[in-house]
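In what follows, a single structure is set out as structure tokens and then discussed.
Every number here is computed from the coordinates shown, using simple stated rules; none is lab data. Since the structure is predicted, the reported quantities are computational estimates derived from the model, not experimental observations.
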Amino acid sequence: MILAIDADETLFDNRGREYGDVTTPIRLMPGARHALRCLKKAGHVIVVVSARANLALRKDPQLDPLVRAGKRSGARWSLEVNEARYRQMVDYCAMELDGLVDAVDDGGCGKYSADLFIDDKGLRYGHGQLALGWMEIARIYGEPVAESEGED
């Protein structure tokens, strides 16, 4: 199964981090690394997707249909900050999640097509009776992995 996992507030913990902060190291959400190991062991293909990959935010605001329609100003965001945020995500996945993430969306194909999307709304960390966290994702879609293999 192809799993598209949203980066911000799903895979990466950005609580208390300013949007323009591209120097503070990325942190994984609690249990995410263990869950990724379980998902990979079960044979899933994992793609990290993010608004950070949006080419309108990183390269050309005119790619946004609302900017072209005059409903939103493309001048309101910083292409440099957005590109730096994207690079930080790509570099983290390459260095820290090598072997656990198969690909990182580069924004080139539009909305990503996958069998299952996992995002912050789907996980609903710690809220209500239907709260679903990384340990539950690992249990439902993954294969057991020994705790000795590390936990974040």
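Where in the chain are the helices, taken as whole DSSP H runs, whose Cα atoms extend 27 angstrom or more along the long axis and whose Kyte-Doolittle mean reaches at least 1.0? Could you put the intermediate results ahead of the total?
On the way: long enough: none.
None clear 27 Å together with a mean of 1.0.
Just I140, I118, I46 to compare: in a GNM of the chain, with alpha carbon springs under 10 Å, which one fluctuates most?
Ranking I140, I118, I46 by mean-square fluctuation puts I140 first.
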